[in-house]
Amino acid sequence: MKTVMIVDDANTVRIYHRALISSPSRQVEEAENGVEALEKAVGRNIDLFMVDVNMPKMDGYRLCQEIRRSDLLNQVPIIMISTEAASSDATRAYECGANFYMIKPVEGNQLNEVVSLMLGEV
Amino acid sequence: MNEMLDVFIGESREGLETASQQLLALQSEGFSQERIDTIFRDLHTIKGSSGLFDIVPLTRLAHAAEDLLDSIRAGQTPFTDEVGDLLLETLDQISDWFDDLEVGNEDVNAWETTSFGLSHRVRAYIQDETQQTVEPTDAPDDIAALEPPLEAAPALSPELLQSLAWMPVASVFNGLRMASGKNLQLLAYTPDQDGFFRGEDPVNVVLATPGLVDFTLTPKQEDTNPDDVFLCHLDIQAVAANDAAGMAAHMAYYEGQYTSSELHYWQLVCHYRDTINRLLEQDHFQALKDAINEGDGPQVRSLSDFALTTSNPQSDEFAICQWLLSISDDAALLARLQASLTPSVMAAPEAPRQTDISENSSSQAAEETGSRVLTEQARAVLKTQIAHLERISGTEQEAMLLPSVTLIIRNILLKTDNRVPSDSNCAGDWIEVCKDALNATRSVEEVLNEAVDAVQVAEASANTAPSVETGPSSLANKIPDAEAAKAGERQVTKTLKVNQEKIDYLMDLIGELTVAKNSLPYLARQAEDGDGRKLSKQIKSHFSIVNRLTEELQSAVLQIRMVPVSHVFQRYPRLVRDLSRKLNKKIELVMQGEDTEFDKNLIESLSEPLIHLLRNSIDHGIEAPEFRAMQGKPETGTIHLIATPKDDNVIIEIRDDGKGIDPENIKMLAYQKGIINETQLDSIEDNEALQLIFAPGFSTMETVSDLSGRGVGMDAVKTMVHHAGGTIEMESTVGVGTTFKLILPQTMSVNRVMMFEVNEQMFGVSMDSVVETVKVKASEVQLVKNHPVLVLREKLVPLHCLREKLGFIPKTHANDEEQSILVVSTGNGEFGLIIDKFHEGIDVIQKPLEGVMAGFSHLSGTALLGDGRVLLIINAQELVACR
């Protein structure tokens, strides 16, 4: 069982993403912001983060940096999903340690495939 | 999906509310970075989520507002009152659209005009470098097509793209070429059936469309008279290289028969991306593909020019090459084309392509046969990871990013070819697989080598340095400052969140109740021993404990539904501000007791009447500043909005210091409208006259004004308040002001009622309205104007016989027999009800009447008694009014 954590401050988006990626072989955790995500990730085996950019308390960029700096979470892939399509945003996401950058609203098949690739599902 | 829309609307409304509060605060308290940030984030979230629902106008507007806020945030655009007002207007518009969505009105296209207009105005305020590049272009379509980033363009809805299926690829690209960077219009024209009789010629109309690219005729989908050859049975769709205004001008005579929608230029290109790619995949177009990839305009030009001479003019290739030729001068467009053709990470979100199904099935087939085809997405992910490796190699970031990147590469390669061994020893295999899979160019191959090396290094280091268990410390360090961040967070009470304290208290009570229960067996033993009096005393003392507990439990449970009135009040400063500006009045709203708690349902049902009362005060109550100055009042009028808890009630007071209501005016108007007759006109007291404004059909304004006269009179307000179980009172002094007082039960569900008996049946009346109970001899009842009254402490109390009112046979009383009279007070003053017998007061949970009974306004509800009987609770005021 793989665990994906969806980090987004908008409940709507969390529900949507959860619905898109839900499958019997995946467990989905949710967090409203970076702080909550880090708190929830402690002591859990998270296999993938799906992170929004703009969030209160701790935004997506900082969350990525924190994950990369943490010895526990550092190998976990991160997909950053943002509304910003400007290439500077993608660059910044990559610099902060995101592995892949997608633009909202994501298309179901695409997201599912990327998630599946990242999780290494056969 | 609908459920999600509900969540979205609920969530966004919260955001809108906070955003408008923050905006108001900004306007009154001056600029604050923090507030701007909050507003920005709220709008950003709304914009982001709205993208999920294809509500294009909403997304566009939210995006415009977001951009404006971003520019304010960055200090490029100053925040002025005007900007604030415009943003407030934007929030209102969005909120209006939510209203529409909630009632199921999803005719989103109807919002387009508003959306375009408002977004334009919002964008006009943005002052930054992008504006300078915008200025030289005159056509608004140009801006839409080129200026904002790709995702700003309204996404073409799947339906819209579906409806384009009739159009051959060649036409599409011809259209794109004709549009030369501007948007196209899709015209859906359904001529009236009897149009021929008016001399209309639909096909010629379409043929004459300026910039027509292609069109199609289909039989009408809903044809009522399919056999009548004299009627028009056509639906026409056409695509034209034109702008919305041009389209509207051309179709001006056929208003209502057509709809025209924008086909966004670049979205269209993206939609046909596969087609272009397929063309370029062919060997003899390889050079052209390279030229595009290099952004080499002249090369693209000459190559496509060459291709044109060798292709069939009817073919798709010809059209595409012609289009490529037309854009070859435009470096920006070429760059964009290149970006969207290479399956990069930045690929714009696009509507599901028709080819998707076949693609998927082929990739599935590929997986089944164990072949080495990487899907487009896998390539994109893989390429990104390679880019990562290139970037980080040799930097300090390497250590941070390497583990996840290698993990992903391994995962992907393992997925696409299950022959790949999972250990890194067979790196050679991996490279082969990657090369095959990626169809890699030389440079990518090198990078892949690097990647595989990196994998080996990572694995080796993982093996040699097992269990470096320093992990938790670094995380633990982060948590304290996370908590600090949490403390500074703004407090928003969310719909379903209950204060932990309330639940804890409930738990305590239940604990106590459990203890209290345990004493029952003890009492039972006592009963066996049989000292009746002693036992009775013990039971009574025990009852008092249980009684206290159940009461507390009850109130604790009700507490959970309690929310502060500020929930409703917070909307009013805005209302007052807007209205007073509109009317050029100066008004200050003073709110007190906003933290008074109140049943959530009740609060929501009160919002409407309160708005109405406020409107009344602003519109009719407070005078114009000059007028106030003349009277020696301060120019700024004050409206107090005060909530005070009192016993089990909450009193909401709306007090203005305006001109007050003149009872003489009221009397005359009421007389004119036939609400009172001549005798009443003479006898009515001023105080009673004022209450006439609550009478149905009464409105003091001769002309319905924009603000308060919306068909809701004071009688409607009264009804709403009554529905909530409350009463409304009004006092007014001419020249000094008017006060409305809403007395409301704190919660709807538990009422204390006084029970009484009439004709051997039990009835109840709300304890709040009971003033006193008296017993008088029949002889003491006097008749005034043929109506029985009682003189009670020098006050006349009109009497009503309940037996009569309830349709029982009236009892005749001997002169010296005592009659029981229940004196109740209502909005119309006090009066006495003659009943048969008093009973005690009890707490009941009142239920509204249902079914046939629902129509009886003189009964306010029913309740179940301890012995299973049903208690009818009467509404004294209504009962007396009905004859």
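Readers should treat all values here as calculations from the given coordinates under stated rules, not as data from a laboratory. Bear in mind the structure is a predicted one, so any value in this text is a computation, not a measurement. When we count neighbours, we look across all protein chains shown, and the Cβ atoms used for this are built from the backbone with ideal geometry, even at glycine.
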| Listed highest first by mean packing, meaning other Cβ atoms within 10 Å per residue, what order do B:586-593, B:647-654, B:178-185 come in? | B:178-185, B:647-654, B:586-593
| P(r), alpha carbons of region A:3-113 - 5 Å bins starting at zero, rounded % | 2, 13, 26, 27, 20, 9, 2, 0
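With a 10 Å radius around each residue's Cβ, average the other Cβ atoms per peptide and rank B:259-271, B:761-773, B:547-559, highest first. Each step should come with its number before you reach the end.
Values: B:259-271: 21.1, B:761-773: 18.1, B:547-559: 15.6.
For the peptides B:259-271, B:761-773, B:547-559, the packing ranking is B:259-271, B:761-773, B:547-559.
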| What average count of beta carbons from other chains do you get within 10 Å of the Cβ of residues in A:46-57? | 3
| field | Set of lysines with alpha-carbon distance to B:K537 below 27 Å, sequence-local pairs under 8 removed | value | B:K517
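Checking the table B:K785/B:K811; B:K667/B:K795; B:K633/B:K741; B:K600/B:K718; B:K534/B:K646 against a 30 Å threshold on Cα-Cα, which pairs fail? Spell out each step's value before the answer.
Details: B:K785/B:K811 22 Å; B:K667/B:K795 23 Å; B:K633/B:K741 24 Å; B:K600/B:K718 20 Å; B:K534/B:K646 40 Å.
Distance filter (> 30 Å) returns B:K534/B:K646.
Using the count of nearby Cβ atoms within 10 Å as a rough guide to exposure, how do B:M720, A:M1 rank from fewest to most?
Details: B:M720 20, A:M1 8.
The fewest-first ordering by Cβ neighbours comes to A:M1, B:M720.
I need the peptides B:504-516, B:161-173, B:524-536 ranked by packing, meaning the mean over residues of other C-beta atoms within 10 angstrom, with the highest value on top. Walk me through the intermediate numbers first.
Values: B:504-516: 13.7, B:161-173: 17.2, B:524-536: 10.1.
With the highest mean Cβ count within 10 Å placed first, the list reads B:161-173, B:504-516, B:524-536.
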| message | Can you tell me which lysines have their Cα less than 25 Å from the Cα of B:K383? Leave out same-chain residues fewer than eight positions away. | response | A:K2, A:K104, B:K289, B:K415, B:K435
| note | Expected integer from the mean partner chain Cβ neighbour count at 10 Å over A:35-44 is 3
| note | Mean per-residue count of partner chain Cβ within 10 Å for A:12-20 equals 5
